[in-house]
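Engineer: My questions all concern the structure below.
Bear in mind these aren't lab numbers, they're just calculated from the coordinates by the rules spelled out. Owing to the predicted nature of the structure, the values given are computational and were not obtained by experimental measurement. All Cβ positions, glycine included, derive from the backbone under ideal geometry; neighbour counts span all protein chains shown.
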Amino acid sequence: MAPNITSAPTGVLFEEETLENLPRHQLVNEETKEKIEYKLQIVWKNVFIFLFLHIGALYGIYLIFTSAKIATTIFAFLLYQASGIGITAGAHRLWSHRSYKATWQLRLLLIILNTLAFQDAAVDWARDHRMHHKYSETDADPHNATRGFFFSHVGWLLCRKHPQIKEKGKGIDLSDLKSDPILKFQKRYYIYLMPLVCFFIPMVIPVYFWSETWANAYFIPTILRYTFTLNMTWLVNSAAHLFGRKPYDQYINPSENKGVAIMALGEGWHNYHHVFPWDYKTSELGNYAFNFTTAFIDFFSRIGWAYDLKTASIDMVKKRVERTGDGTHEVWGWGDKDQTQEEREAAIIINHVKDH
């Protein structure tokens, strides 16, 4: 979503500004920020939890090939897709960016899938993500990619947050989320809902519906599925901020990463997303090949559960590409400035009429 407007200067330069003509109080504020002392503090409890999860996930992979029923593996895959939608279509595109609106029926479905994903209550997830967009790649960004791949992937969850996150977080407006009764219910009862939806039900279903063993049901559709979904989400914060093209804005870190888009249900077109965070598609693509979340939202739009879908016009995208892109954007049509002369000369033109 668009940055929240606060009375405090953000340090962001407008197009007509330079460092020389910035107000003195803003420069002082920027200098003061850098003097805030920060010492890395590891949260060892989280380290051991994530270590256990990843060891358990590896064991789950082993069980898939040695003893699990095929139905259990398919069930785990479907849960990964469902929980992923709870993050991408729910916490991200709906609640963090308000890129579309949803009826209570769709919001209820998304909150169930979001709880299945277990990445904190949707209000908390959205708070961190709004921070990420407003203060991207700074100390106030919860998973600041300038601190390296490991930190932006999982390290940010293994240590105490930078003081700037708490300080700047005071200016993030969450009133729209806190007024939603469905989000309020999830937040209030999350400590009870999360274990039930994320762990207990996915473990019990394989045992009672197709007589799977408790071990296989625990390590495959529960631990492996959960850990895998976490890592696919984290790749958006890490890989999609470090590797890929930048056809829309070459001056920011977020990039277009097809691999992440495939694994994260369409969230890897990250250069576009950071330029147009309010676009419900999070990409310029016109099909659903690598953007399952957009297909999901469009389906519910057709039945009336999703509405007010916001997207950037072709003209708006084209102007941004020409102004700040890195030159890797595909051509829009014949005569585009990015079309090579070699391609023009090699093209076949049928029924060509010469100019008179």
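Engineer: Could you give the length gained by full extension between THR324 and TRP44, i.e. 0.36 nm per residue of separation minus their alpha carbon distance, to one decimal place? Could the numbers behind the result be given before it?
Structural biologist: Working: separation 280, 0.36 × 280 = 100.80 nm, distance 4.25 nm.
Computed gain between THR324 and TRP44 is 96.6 nm.
Engineer: Which ³J(HN,Hα) values in Hz, rounded to whole numbers, follow from the phi angles of segment 111-124 under the Karplus curve 6.51 cos²θ - 1.76 cosθ + 1.60, where θ = phi - 60° and Gly and Pro get x?
Structural biologist: For segment 111-124, the Karplus-derived couplings read 6, 5, 5, 5, 5, 4, 6, 6, 10, 6, 4, 4, 4, 5 Hz, x marking Gly and Pro.
Engineer: Normalising by the residue count of the chain, find the relative contact order in percent from Cα pairs under 8 Å and 6+ residues apart.
Structural biologist: Details: 494 pairs, mean separation 69.9, N = 356.
Rounded, it is 20 percent for the chain.
Engineer: Skipping prolines and chain starts, which residues have an amide H placed within reach, meaning under 5 Å, of the one on CYS159, given they are 5 or more residues away or on another chain?
Structural biologist: Residues meeting the amide H criterion: VAL43.
Engineer: If you don't mind, there's one more thing I want to ask. Just subtract the alpha-carbon distance of PHE200 and LYS310 from 0.36 nm times their residue separation and send over the number in nm, one decimal. Provide the component values of the computation, followed by the final result.
Structural biologist: Details: separation 110, 0.36 × 110 = 39.60 nm, distance 3.70 nm.
Extra length from PHE200 to LYS310 when fully extended: 35.9 nm.
Engineer: Output the Kirkwood hydrodynamic radius of the chain, Cα pairs only, in Å rounded to one decimal.
Structural biologist: Values: mean 1/r = 0.0446 Å⁻¹.
By the Kirkwood definition, the hydrodynamic radius is 22.4 Å.
Engineer: As an exercise, use a Förster radius of 25 Å and the Cβ-Cβ distance of ASN231 and TRP104 to find the FRET efficiency, rounded to the nearest 0.05.
Structural biologist: 0.20
Engineer: In terms of modelled amide H atoms, which long-range or inter-chain residues lie less than 5 Å from the amide H of GLU212?
Structural biologist: Residues meeting the criterion, in which the H sits 1.01 Å from N, are VAL207.
Engineer: Here's another thing I want to ask about it. With a cap of 10 neighbouring Cβ atoms within 10 Å, and only residues DSSP puts in a loop, list the chymotrypsin sites (Phe, Trp or Tyr not before Pro) found in segment 208-253.
Structural biologist: TYR251
Engineer: What FRET efficiency comes out for the pair TYR192/ASP124, r = Cβ-Cβ distance, R0 = 22 Å, nearest 0.05?
Structural biologist: Working: r = 16 Å, r/R0 = 0.74.
Calculated value: 0.85.
Engineer: Please give the peptides 280-293, 255-268, 186-199 ranked by average Cβ packing (other Cβ atoms within 10 Å per residue), highest first, as a rough proxy for protection.
Structural biologist: Final packing ranking: 255-268, 280-293, 186-199.
Engineer: Note the direction-averaged projected area, equal to a quarter of the hull surface, for the Cα convex hull of segment 37-244, in nm².
Structural biologist: Numbers: hull surface 50.3 nm².
Quarter of the Cα hull surface area: 12.6 nm².
Engineer: Then there is this: Given H placed 1.01 Å from N in the peptide plane, which residues other than close sequence neighbours of ARG245 have an amide H under 5 Å from its amide H?
Structural biologist: Answer set, sorted by chain and number: GLU256.
Engineer: With θ set to phi - 60° and the Karplus curve 6.51 cos²θ - 1.76 cosθ + 1.60, what are the ³J(HN,Hα) couplings of segment 137-142 in order, to the nearest whole Hz, using x for Gly and Pro?
Structural biologist: My calculation for segment 137-142 gives 6, 10, 5, 8, 8, x Hz in order.
Engineer: From the phi angles alone, apply the Karplus equation (6.51, -1.76, 1.60; θ = phi - 60°) to segment 321-331 and give each ³J(HN,Hα) in whole Hz, x where the residue is Gly or Pro.
Structural biologist: 4, 5, 7, 10, x, 8, x, 9, 5, 5, 5
Engineer: If packing is taken as the average count of other Cβ atoms within 10 Å, what order do 81-88, 39-46, 269-276 fall into, highest mean first?
Structural biologist: Numbers: 81-88: 23.5, 39-46: 10.1, 269-276: 25.2.
Result, highest mean Cβ count within 10 Å first: 269-276, 81-88, 39-46.
Engineer: Obtain the nm distance between the two label points defined at ILE349 and ILE55 by a simple spin-label model: each point lies 7 Å from its Cα along the Cα-to-C-beta direction.
Structural biologist: Using points 7 Å along Cα→Cβ, the separation is 6.9 nm.
Engineer: By average Cβ neighbour count within 10 Å, what is the ranking of 111-122, 128-139 from highest down?
Structural biologist: Numbers: 111-122: 23.2, 128-139: 20.3.
Answer by packing, highest mean first, reads 111-122, 128-139.
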